[in-house]
Structure formats: structure tokens, C-alpha cells
Amino acid sequence: MSLCVILLNSIGIAADSVDIEKQVSYSIRTDFVVVNALSKNILEGFTRHKHGLGQEVIAAVNAQPGVYGASAIYKNTLDDSNVTYDFPVEFDYTGTDEETGIDYAGTRDGIVFNLGDDGHTLCNVYGMEETALARMDIQEGEANVHRLYEKMASGEGVLLGVVSDMGTSILNPAFNLLEVGDMITVFKNGEPMMELPVLAKAALTGDDMEIGYTVNGTFKVGRDGLFLYLPTCVYTKIYDEPVIYKYSFDVEEEQQDSMSEFLEGYVTNVDPGLGYASAKEARQDAVTTRTMLRFVGGLIGIIFGAAGVLNLVNTIITSILARRHEFATMQSIGMTAKQLTRMMIWESVYYAVGVCIVGLLLSMILAFTVVKTLIGGIWYFTFHFTLVHAVIVCILLLIAAVILPVIALKVFNKGSIVEKLRVAE
């Protein structure tokens, strides 16, 4: 029974520690986003000009009620191999991908970059408005988003995105290759076009790279290479055929259900090649994860709990059968049936209290050691200590400890005092 208390409380802590908002904010920063359906395919991704969004769907979205904070986000593709980038990173080896035929170069630490037509790196490059830039997690360099965007729009620099730890948003040292102030040279058709110093660095989420947890498109285009974020006005100057890969926007709360219906109908009936995601959908997925954890863990805990209760029942019944002569003797000298029942209830309660004390103490110890360690290794958990689940189980055990002796005495302690005195000890 102590194991039941410990297990159910540990499962309860794990379920309560599922951080729904952390999952939502990593996978999507706005209420809705429209993309090419390939961007939601973990085996495909956004890689070609033909995958770009048309103005028709953008106009259709903007025509819906309640839309605000909308932003079209551009991205380079494998078709933009004439635009490349050079920066102060040393490469230790080069090669050619046998499947795609694309040349690549890698660092000593195994960070690989795809190479463009002139032998410089492709990178993953984005063009966006200030609205979208303001949603990013800027951690180093120019922190004022408006001032940063103005500098970038005037050609004074670029925002560098760095892959970060999914749980803490700490920049991953393996991908943190440049420092604020390092110079990045843009090449077009083999000729240097402009020089852009790194003005700031941002910790990236899945939404900053592609969509949700799908980043296959970015890997195909730039491999592990740099993630560069430019203003739309600069991006469209660099690339001859800029394409929109994502349209992000918020929707007033009372209009979100109708927007979901509209997008579902648009994708189904107008353009099956499109896909969309929503914060509500991401939140439901996170809730499902928590529900499944509670269900599976609770089921296991209930099985252990049932075994524990059966053990308590067996202990009480065995005690009654073994002590029938003792009970009869006590009744023969004046103990009433009520007093006998009260005595058995208190014995059972003492047993249950002992179980609960051990269970609560071990639950606390394991919560801050084993459970916290296990949860800390999974990014979408945020540890929340609680003993509520253990207390609830203990209350149920105490109730059972009160009820079971009453029933057991009525069933297994029948007969007159004389009959029970004849039972050998």
C-alpha cells in the first residue's frame, strides 16, 4: 500500500509537471499559421520556390473577422543556391551528398553546412516584418526590437538565430558559432554583395525554424548552418525570387473557432496543398500527453493499490479467524460487540496510518530525487511538487481501514460466545 501511495503521487507530480504552455510556445508563437502542407510533413519540409504561399490564401485569411498581428515570413530554398554567405568559421572537411548531389562542408565539431554555387554556405535565411521579429527570444546584443529592426532595415546588420535547449532556451554551444559583431558577407552569383555584422542573437524555437517540431526543410536547405533573420525590405533585395513560406497571425478569441472552420474548409475544398496549425491544436496535443500520463500511471497505481487493499483485507480476516477464541474470552468477561468492533477498527487504522506515514515520507524523498531528475531530462516538463495525490490515497486507505473491519467481523466472527470458546487457540 505504501508503494501505491508513492507511485500515484509520483505519477501525479509528473502529470502536473507537464508544461502545456512551454510546448505551445515552442511549436507556435501565434494563434494560427498557414504553410505549405509539406512543411507539416516530417519527411519533406519547405525546400523549393514552388512550395511558397500564394497571395490568394493570404488575402482570404485577411478577409476573415478578428485577424490581427499578421506577418508574412519569407525563406530561402534550394533554388536560391546563387545567394551564399561567408563568415569566420573554419571548416575541416568537405564532401558531396550522394543522394542530392549537393556539396557540403563541416566543422571539427561536426556542424555541417550545405554549399551554394560558388562554394560558400547557403544557410537558412528568413525575411520578416517587425511584428514577427518582436516575437523572437533575443538574448544577446541589441535587445530593443524596434531599434534592432531599424538598424537591420537600413542594412546595418543581421539577427542570428541559434538552436537552443528546448526546455531552458539556453543557446546550444555547439551551434553558437558566431559572436555579436562578427561579420557575415553576402555573395550573389559569386560576387560579394554586402557585409552584415551580427547585431543580436536569438534562441530559436520550432516556430522560428519551420513549424512545430518539423525542421526537415531547414536541414535540407542549410543543414546545421546558420539561421539568419533579415527585414523583408533587405531580404527581397538579396533574393531575385522571394517566396513566402509561412503566414502567421493572431485572431480575437471569440473568432478563433470560426477561423479554424474557415482554414479547414479552405484546405479541404480550395487548396489541398496547404496546411495550417493553431495554438489551440498544440494545446490540445499537450493536454493529451498529460491525460495519457495520468491514465497509464493511474492504472498502474490502482493495480498496486488494489493489491494493497487486498493485503489489508487478508490481514484483517486472518487476524479475526486466528483470534476468535481471544475475542470470545474478552466478550465473556464483559466486552461488548461495539467495543470489539472499535478495537479492530483502531488496529486497522493504526496499520493504515503507518502505511501513510511511510508512503508520504518516501513520496517526498523520491519526488525531489528520482522524479525531479527524470522530469528534468524531458524538455516539456517543469517540476511542480505536490503531495495532494498521496494525501487523497491516504484518505481512501483510512476510510477502507474503518469499513473493512466492520464487514469482516460480521462475516467471519459469527456464532455464540460458547461456540467461539470451543475453538482451539
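Scanning for something of a type in the set (Asp, Glu), over 23 Å from Phe113 (Cα atoms), in the same structural domain as Asn172 (by TED's automatic domain parsing) and surrounded by fewer than 21 Cβ atoms within 10 Å (Cβ to Cβ), does region 227-245 turn up at least one residue? Within region 227-245, not a single residue is of a type in the set (Asp, Glu), over 23 Å from Phe113 (Cα atoms), in the same structural domain as Asn172 (by TED's automatic domain parsing) and surrounded by fewer than 21 Cβ atoms within 10 Å (Cβ to Cβ). When Thr131, Thr168, Thr100 are screened for being closer than 30 Å to Glu21 by Cβ and assigned to a loop (DSSP other than H, G, I, E, B), only Thr168 passes.
Here region 101-158 is the region considered, the condition is being in contact with a helix residue (DSSP H, G or I) (Cβ under 9 Å, 6 or more places away or on another chain) and aromatic (Phe, Trp, Tyr), and the residue that is surrounded by the most Cβ atoms within 10 Å (Cβ to Cβ) is Phe113.
Every listed requirement among (1) farther than 21 Å from Met136 by Cβ; (2) touching a residue at least 60 places away in the same chain (Cβ under 8 Å); (3) out of contact with any Gly (no Cβ under 8 Å at 6 or more places or on another chain) is met by Lys40 save one, (3).
Taking the criterion of being closer than 30 Å to Lys280 by Cβ and among the hydrophobic types (A, V, I, L, M, F, W, C), the residues of region 1-30 that qualify are Ile11, Ile13, Ala14, Ala15, Val18, Ile20, Val24, Ile28.
Considering only residues that are among the β-branched types (Val, Ile, Thr) and surrounded by 13 or more Cβ atoms within 10 Å (Cβ to Cβ), which ones fall in region 363-382?
Of the residues in region 363-382, the ones among the β-branched types (Val, Ile, Thr) are 365, 369-371, 373, 375, 378, 382.
Across region 363-382, the qualifying residues are Val371, Ile375, Ile378, Thr382.
For region 272-289, check the following and say yes or no: at least one residue is assigned to a strand (DSSP E or B), β-branched (Val, Ile, Thr), touching a helix residue (DSSP H, G or I) at 6+ places or on another chain (Cβ under 9 Å) and in contact (Cβ under 8 Å) with a residue 60 or more places away in the chain. Checking region 272-289: not a single residue is assigned to a strand (DSSP E or B), β-branched (Val, Ile, Thr), touching a helix residue (DSSP H, G or I) at 6+ places or on another chain (Cβ under 9 Å) and in contact (Cβ under 8 Å) with a residue 60 or more places away in the chain. Going by the structure shown, is Glu129 charged (D, E, K, R) and more than 20 Å from Pro173 (Cβ to Cβ)? Judged against the criteria, Glu129 is a match.
The values are calculated or read from the model by the stated rules, or taken from the named source; none is laboratory data. What you see is a predicted model, and the numbers here were worked out from it, not measured in a lab. As a convention, Cβ positions derive from the backbone with ideal geometry for all residues, glycine included, and neighbour counts pool all protein chains shown.
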